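The structure appears right after this line, and notes come after that.
Nothing in this text is a laboratory measurement; each read-out follows from the coordinates by a stated rule. The shown structure was predicted, so the numbers you read here are calculated from the model rather than taken from an experiment. Cβ coordinates were reconstructed from backbone atoms using ideal geometry, including for glycine residues, and neighbour counts include every protein chain displayed.
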Amino acid sequence: MNRYLDNRTEINELLRMENHKNIELLLPCPPDDVILSIGVVTASSNITGWINGRLGLSEKGRRFSYTGCSNCHKALEADTTWVIMCPSCKVVSDIEAMIRATVTITDESGSIEAMLTTPHIENFLLFNPEEVKTNEEIAIITSYYLQNYIA
């Protein structure tokens, strides 16, 4: 509590600027000497760390597009014209189209799967969420097609 009181102005300004939503500010890329191999990470049941590897799209048979809360990105089956009280974050928010995909990250020591979602997956794809939703609905987007467009 004292830390907040001592830094109230700075903390309120950071909250106003919504810095808590800026992943690059909160989790900047680490120096190379702290990046772990995937083998080290997967060998332990209780380890957190940075990994580096080649990214590939996994075959999971799941739709790439979904709709969700614009505030917390929780998946919600709703129309993008709706404004809702999100049951997860309890904030009144718009519903927006989003993208998700299971990816495999591989290095020389092994591989690991991870789920990438909006907005982070947009760093790897040449499509925005609306394009994925439209193309997926007319069966143009397949795992092979998206695999070729992961940057």
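Pairs of Lys residues in the chain, spaced 8 or more positions apart or belonging to different chains, with C-alpha separations under 23 angstrom: 6 in total. Among the chymotrypsin sites (Phe, Trp or Tyr not before Pro) in the stretch 44-108, those placed in a DSSP loop whose Cβ has at most 12 other Cβ atoms within 10 Å are W82. For the stretch 1-96, the relative contact order is 15 percent, taking Cα pairs closer than 8 Å that sit 6 or more residues apart in sequence and dividing their mean separation by the residue count. Please report, to two decimal places, log10 I(q)/I(0) for the chain at q = 0.10, 0.12, 0.17 Å⁻¹ as given by the Debye formula with identical point scatterers on the Cα atoms and no solvent. Debye curve over Cα of the chain, log10 I(q)/I(0) at q = 0.10, 0.12, 0.17 Å⁻¹: -0.50, -0.70, -1.13. Protection proxy ranking for 39-47, 68-76, 96-104, using the average of other Cβ atoms within 10 Å per residue and placing the highest first: 96-104, 68-76, 39-47.
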